[in-house]
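The values are calculated or read from the model by the stated rules, or taken from the named source; none is laboratory data. All values derive from a computational prediction rather than experimental measurement. When we count neighbours, we look across all protein chains shown, and the Cβ atoms used for this are built from the backbone with ideal geometry, even at glycine. Calculation scope for accessible area: heavy atoms of the full protein, side chains included, ligands and nucleic acids excluded. Shrake-Rupley method; radii C 1.70, N 1.55, O 1.52, S 1.80 Å.
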Amino acid sequence: MAAPQEKRSSEERKHRGIPNGAQTSQGQWGRAWEVDWFSLASIIFLLMFAPLIVYYFVMSCDQYQCSLVRPLVDLLLGNARLSDIWDKTPPLTYKAAGIYVLWVTFQVILYAFVPDFCHKFLPGYVGGVQEGAVTPAGVVNKYEINGLQAWIITHVLWFANAYYFHWFSPTIIFDNWIPLLWCANILGYVVSTFAMIKGYFFPTNAKDCKFTGNFFYDYMMGIEFNPRIGKWFDFKLFFNGRPGIVAWTLINLSYAAKQQELYGQVTNSMILVNVLQGIYVLDFFWNEAWYLKTIDICHDHFGWYLGWGDCVWLPYLYTLQGLYLVYHPVQLGTANAMGILILGLVGYYIFRATNHQKDLFRRTNGNCKIWGKKPGYIECSYVSVDGTKYYSKLMTSGFWGWARHFNYTGDLMGSLAYCLACGFAHLLPYFYIVYMGILLTHRCLRDEHRCFSKYGKDWKRYTAQVPYRLLPGVF
């Protein structure tokens, strides 16, 4: 939202006043220093129930044909006991453990030991060694951006196996879906626990650690800002992008293969889900260098929220549409399929174009054209922890003049398209749009709270000029 930090004269750089009455602290970066009772209650709830939510959704498909209501009805009426449901749940197997260990190891190798070559021949793609944002301790970490390369290599091997080598069935992920869930949970808890221990005893940078004194909050939200092993293995970038997001499209392909195996065809709804979500995943990796400037990398510490969430929550709940379509194949009418495709593509266009406008504005410091004319903006000032005064520009043109987070609006349109492809017979595939609505609204509020703390009265001027957050005229 803001243009790059622009340092002014040496006199201004030494200015130590607090602009616009806004109080500055390290809290502008990362998570909170202090934990209120609501945050603590929310975190304990998530730690207790998020794993159960994932299990419930997967179990509902495996045992109840994706009905979210029937398991509860059976339990309430005495037709089933929790032990009955648990006994029918596939256990952890050596096969699933072997698959998962090979998968994660392969992604670690691609991430840590194979330098990026895609940026050498793909015009416009930014890969290779890139710098991240400045951390609270003043560190500028370097990253090997090679996610697109990892995705390409992985999928080339997947299709080579499916059509030539036949080492394993393309349905292997679906066939081991619940045993793989136990593996993903083990990795999620191990890496989250290790990150917390590391933060206490051997942090990568002690000045980039935050301790609230509350065990549950520190475990979930993380202590270290950028935990690393060695020079290049960054926990946050690896687990945010790999193995979960690389797996996203493979999981959908496995669902499509299972549909072909069961019914002799792949429905147009399954193709839509694969195509639209595939575009989203490819967009993530094409813009992985840009991702270094987002809230996940620039503000979130690495704890259970990211560690377990990226290992379990993302691959299991972001792919519910494809899982549902294996159990309930939907063949859409031509008009409906085209309408959903258009909704998804328009949503993606808005998401990408909005982010492009912001990136262009930042890179040129506002010396560019948005929709054919010079963009409007509000100039803001703030003071960093060391008392240095900085200036930023908040754009009020293009999509950013329509709403303060219009990129999220495009994201929500795409999310709705995934769900609509599944029809209206069950609630389960619509979990994603409900979850994304809550998540992105919460991100809006987090971001705006941080911006108000940072810019003070200047932020009020900005919100007066751009009054809506997501939907112009509504919210």
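In the chain, what percent of the accessible surface is made up of carbon and sulfur (1.4 Å probe, ligands and nucleic acids excluded)?
Values: 14190 of 21630 Å².
Carbon and sulfur: 66 percent of the exposed surface of the chain.
Given the range 58-136, what whole percent of its Cα pairs are spread farther than 16 Å?
I get 73 percent for the Cα pairs in the range 58-136 exceeding 16 Å.
Measuring from centroid to centroid over Cα atoms, what is the spacing of the range 238-299 and the range 88-109 in Å? Using only Cα atoms to place each centre, the spacing works out to 19 Å.
In order along the range 123-137, phi translates into HN-Hα couplings of x, x, 7, 10, x, x, 6, 10, 9, x, 6, 6, 7, x, 7 Hz, rounded to whole numbers, per the Karplus curve 6.51 cos²θ - 1.76 cosθ + 1.60 with θ = phi - 60° and x for Gly and Pro.
Quick one: Cα convex hull volume of the range 346-475, Å³ per residue?
Per residue, the Cα convex hull of the range 346-475 comes to 116 Å³.
When peptides 346-358, 205-217 are ranked by their average number of other Cβ atoms within 10 Å per residue, the highest-first order is 346-358, 205-217. For the charge dipole of the range 351-474, defined by +1 on Lys and Arg C-beta atoms and -1 on Asp and Glu C-beta atoms about the Cα centroid, which residue among L416, N367, L470 has the Cα displaced farthest towards the positive pole? The one lying farthest along the dipole's positive direction is N367. Computed from backbone phi, the HN-Hα couplings of the range 328-340 come to 9, x, 10, 9, 7, x, 4, 5, 5, 4, 5, x, 5 Hz, rounded to whole numbers (Karplus: 6.51 cos²θ - 1.76 cosθ + 1.60, θ = phi - 60°; Gly and Pro given as x). Comparing Cα centroids, the range 208-224 and the range 419-437 end up 34 angstrom apart.
Principal semi-axes of the equivalent ellipsoid, √(5λ) from the alpha carbon gyration tensor of the range 236-355, are 29, 19, 10 Å from largest down.
Taking packing as the residue-averaged number of other Cβ atoms within 10 angstrom, the listed peptides 267-280, 130-143 run from highest to lowest as 267-280, 130-143. For the peptides 78-85, 240-247, 442-449, 465-472, residues were scored by their other Cβ atoms within 10 Å and the scores averaged per peptide; the highest-first order is 240-247, 465-472, 442-449, 78-85. Kindly identify the range 112-235 as rounded, prolate or oblate by the Cα gyration tensor criterion: order the square roots of the eigenvalues as a ≥ b ≥ c, call it rounded if a/c is under 1.5, otherwise compare a/b with b/c, prolate if a/b is larger, else oblate. Since a/c reaches 1.5 but b/c is at least a/b, the shape of the range 112-235 is classed as oblate. Heavy atoms of the protein chains alone define the surface here; on that basis the range 351-474 has 42 Å² accessible area per residue at 1.4 Å probe size.
If each DSSP helix of 4+ residues adds -39,500 (n - 2.57) and the sum is divided by the residues in the chain, what number results at 222 nm, nearest 500 deg cm²/dmol? Show your work: numbers first, answer last.
On the way: 22 runs with 270 residues, N = 475.
Here the helix-only value at 222 nm equals -18000 deg cm²/dmol.
Amide H contacts under 5 Å for K393: A3, C380, restricted to partners 5 or more places along the chain or on a different chain, H placed in the peptide plane at 1.01 Å from N.
Any idea what diffusion coefficient the range 87-331 gets from Stokes-Einstein, in µm²/s, Kirkwood Rh on alpha carbon pairs, 37 °C, 0.692 mPa s? For the chosen part, D equals 172 µm²/s.
Computed from backbone phi with θ = phi - 60° and the Karplus coefficients 6.51, -1.76 and 1.60, the 3J(HN,Hα) list for the range 179-192 is x, 5, 4, 5, 5, 4, 5, 4, 4, x, 6, 5, 5, 5 Hz; x is used for glycine and proline. Here the range 351-474 is assigned +1 on the Cβ of each Lys and Arg and -1 on the Cβ of each Asp and Glu. Its dipole about the Cα centre then comes out at about 440 debye.
Assign unit charges at the C-beta atoms only (+1 for Lys and Arg, -1 for Asp and Glu), then state the dipole size of the chain relative to its Cα centre in Debye, rounded to the nearest 20.
Values: 39 positive and 30 negative charges, 328 e Å.
Its charge dipole is roughly 1580 debye.
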